[in-house]
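Since the structure comes first, as structure tokens, the remarks are kept for the end.
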Amino acid sequence: MNSTDNRASLSSRAAGVRPFYVMDLLARARQMESEGRSVLHLEVGEPDFATPQPIIDAGIKALRQLKTHYTPAMGLPELRRSIANYYQQRFGIRVDARRIIVTPGASGALQLALSVLVDTGDNVLLTDPGYPCNRNMIRLLGAESNVVPVSAETQFQMCAAHIAEHWNENSVAAMIASPSNPTGTMIRQRDLTDLIEAVEAVGGRLIVDEIYQGLVYSDEDLTALKFSNDVFIINSFSKYFGMTGWRLGWMVAPDQYVDAIDRVAQNLFLAASTVAQYAALAAFEEETIEILNRRVSKFRERRDYLLPVLREMGFEIPLEPTGAFYIYADCSSITRDSFQWTRSLLEDEAVAVTPGIDFGEYRASTHVRFAYTRPIDQLERACCRITRYIK
Ligand SMILES: Cc1ncc(COP(=O)(O)O)c(C=O)c1O
């Protein structure tokens, strides 16, 4: 076998999929930890809290009852009904459980939505900065990202004017996330309804990723479902419900897409994890929601600590982030090479943060993302180290 035979013959679609730069940082952080250094992690995009006990107990009970077989591809009927009930209780909205599809994380829901919407050569509007996996999912379907640079002027969100500017004959859909990763900012209600109208007017579909719903520190918590039954709503048990490792999410799809989604789900996933689905039945119980809401208060305290301290250090954060657990900071008064800066910060001060390049290209070299997924004492230590590093 010569050396050429060892090389993977990759599809061009796979070859173009970029890794997260933060993964390199994480690998280096782990190496440093194995050498005895204490690394402070402000790069991690998942809650530090474990899954609430009632959910864990429900999962254990399901396993004891030998619930180990496949569920229907669309999910356990009782979980779909519980999710519908959740929309009723939280937002006062009636949703037909038929339109709710349980998926392997929001990731599975995003793949399904894109699979039923895009064809080769189509394009999908998405924000820069934005959640990086979307670009790669679109690419794997042979479609293209139609990148919309966004700034604080529009809460780092896409708005109706962007549709007028960027929509072209190959565009089929637009995607937003509110609250957003990496900016933690939310689309305003008026902007959302205008956006829904604008996308409908050009005959496209809007995908609204609401994975950070519930992790909201203002009274703006909302769902696009309130304004339209024609949007694709993406959600997950990962973030607010603290179930990242269980791999469970859901989608609410427009009625006319449900049958196609069922067929695609059967083929892509067969079904989401059975034990996770049984466990998630306990996610909506009062006891669990109380635990979760105490955690939301903790996240808010962390944000309230971190935001002014970062501003004092010289990071520019034009908008108060009102959701998720991220602060996206302009570091141009400190460095114009955020990628190199995050590397040196890790080497010199053992603090890990995510460089802007992981979320797109627009002003990426002058931005970094801080995740407040660690207790305040760790955030304080991290801030001392960052201050020292900047000095
Ligand atoms: C905006 C956004 N959407 C989707 C996901 C995927 O989440 P999961 O598949 O764990 O539900 C993430 C994860 O960080 C995210 O930030």
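Tabulated data
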read-out	value
Fluctuation leader among Q213, Q155, Q189 - the chain, Gaussian network, Cα springs under 10 angstrom	Q189
Per-selection metrics, segment 1-80 (Cα): Rg and Dmax in Å	21.3, 56
Calculated from backbone phi, Karplus (6.51, -1.76, 1.60) coupling profile of segment 309-324 in Hz, x at Gly/Pro	5, 5, 4, 4, 5, x, 6, 9, 10, x, 10, 6, x, 10, x, 6
Where labels lie 7 Å past Cα in the beta-carbon direction, separation of Y305 and C384 in nm	1.2
Ratio Rg/Rh [Cα only; Rh per Kirkwood] for segment 252-391	1.12
Cut-off under 5 Å, modelled amide H: who pairs with F49 long-range	none
For G323, distant residues with modelled amide H under 5 Å away	Y217
Pairwise Lys count, the chain - Cα closer than 25 Å, eight or more residues apart or different chains	4
Calculated from backbone phi, Karplus (6.51, -1.76, 1.60) coupling profile of segment 174-184 in Hz, x at Gly/Pro	10, 10, 9, 10, 9, x, 9, 9, x, 8, x
Amide proton proximity set for S236, modelled H, under 5 Å, gap of 5+	W250
Gaussian network model of the chain, springs between alpha carbon atoms under 10 Å - residue of G105, G360, G203 with greatest fluctuation	G203
By average C-beta atoms within 10 angstrom, highest first, the peptides 11-17, 205-211	205-211, 11-17
Rg over Rh [alpha-carbon atoms, Kirkwood Rh] for segment 1-154	1.04
Residue-normalised accessible area of the chain, expressed per residue, 1.4 Å probe, Å²	43
Antiparallel bridges, percent of DSSP beta bridges restricted to the chain (to nearest 5)	45
FRET efficiency, 1/(1 + (r/R0)^6) with R0 41 Å, evaluated for S34 and R13 via beta carbons	0.70
Surface share of carbon and sulfur [accessible, 1.4 angstrom probe, percent] for the chain	47
Calculated P(r) of segment 257-329 - Cα pairs past 17 Å, %	66
Calculated [θ] (222 nm, deg cm²/dmol) that DSSP helices of n ≥ 4 give over the chain, each run adding -39,500 (n - 2.57)	-13000 deg cm²/dmol
From phi via Karplus (6.51, -1.76, 1.60), per-residue ³J(HN,Hα) for segment 73-89 in Hz, x at Gly/Pro	4, 7, x, 4, x, 5, 6, 4, 5, 4, 5, 4, 5, 4, 4, 5, 6
Span per principal axis, largest first, for the Cα atoms of the chain (Å)	62, 58, 51
Length-normalised contact order of the chain in % [C-alpha pairs under 8 Å, at least 6 apart]	24
Cα Rg over Rh - segment 194-334, Kirkwood	1.04
Residue of I327, I187, I376 that the Gaussian network model of the chain assigns the largest fluctuation, springs spanning Cα pairs under 10 Å	I376
Descending principal axes extents, segment 173-269, alpha-carbon based, whole Å	39, 38, 21
Radius 13 Å from Cβ of N146, net charge of other residues (Lys, Arg +1; Asp, Glu -1)	-3
D (Stokes-Einstein, µm²/s), Kirkwood Cα radius, segment 350-391, 0.890 mPa s at 25 °C	215
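The values are calculated or read from the model by the stated rules, or taken from the named source; none is laboratory data. Computed from a predicted structure; not experimentally measured. Note that each Cβ is placed from the backbone with ideal geometry, even for glycine, and that neighbours are counted across all protein chains shown. Surface areas here come from the heavy atoms of the whole protein model, side chains and all, with no ligands, DNA or RNA. Shrake-Rupley method; radii C 1.70, N 1.55, O 1.52, S 1.80 Å.
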